[in-house]
Amino acid sequence: MQIGKGIRALLTNIEERGTAPTGQELRELSRETLEVPVDAIEANPYQPRTDFDEQSLEELAQSIRTHGIIQPLTLRRLHEGKYQLIAGERRWRAAQRAGLTSVPAYIRLADDQGMLEMAIVENIQRADLNAMEMAFSLQRLIDECKLTHEELSARVGKQRSTVSNFLRLLKLPPQIQDAMRKEQISMGHAKSIAGLADISTQLMVLGEIISKDLSVRDTEKLVARYQDPSSSKKESAEKKTATSKKSADVLKVEQQLRGLLGVKVELQYQDNGSGQIRIPFKSDKELNYILDLLEELDTKA
């Protein structure tokens, strides 16, 4: 995604890239579906979808070989004989795989901002973006099209509360956003995690969700316990006794380790400098999750 480059740096407007359409061309572009050569089309730099599933593309290509393209692409004319995708990149990619030399398309007139908005809104309304792609797309509409939350809600046909929930995902740590992209957790899980203010606690909850395969309801209960420690007096008393014996420096290191690994970590430190780091687990699945984390950290080192 080319979020940071800005609209004007990516494209010039239609008049600068080619001859302005005549009145006859305007009527043609607004009414007709044209057959456009596949190699005359270039990708949309504003495409909000970042992942194209290979198997899904191949299945669509097979369908196109059999039935052709049922829904035309939407393009804008650049200079003579060249077009740029506004919507339909998945169909365009599959058409190339299917060996098509041309595709049906609607030709729209759009400046750069109009193209960005059409591309993002079209993809959002198809409802097959993952939650993080949706969140980034909504934020781009706000940033680059200068929309308020009310205007954004009206543009994409979603309630303002729904829009706000997606935008909140962008405030979550990268590890949680990545887990959503990989579909390891759902948006329901993420909404629950977002209710926690402390990042290390958020990552600990993420680790428990994945390792224990927690449902959204179980996650809500877990988050509630972190939000209200008094709900478990025994656990709270044990923690108080244990932490009272630890210095502020030891507690800080312990919290940093928890934030790094996203799982519960206990640091036991003696005055003579000896001690141990404990990472408790309750099942083989949880152990494997911890081992995967450590292996990932090792490859990054």
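Overview of values
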read-out	value
Region 168-206: trypsin sites (Lys or Arg not before Pro) falling in loop per DSSP and having at most 12 other Cβ within 10 Å	K182
Residue exposure sequence - S192, S102 - by fewest surrounding Cβ within 10 Å	S102, S192
Too-long pairs where the Cα-Cα distance tops 30 Å, listed order kept, from K158/K264; K252/K282; K82/K158	K158/K264; K82/K158
Cα gyration tensor, region 69-225 - rounded (a/c under 1.5), prolate or oblate	prolate
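No lab work stands behind these numbers, since they all come straight from the coordinates. This is a predicted model, so every value here is computed, not measured. Glycine also receives a Cβ, built like all others from the backbone with ideal geometry; neighbour counts cover every protein chain displayed.
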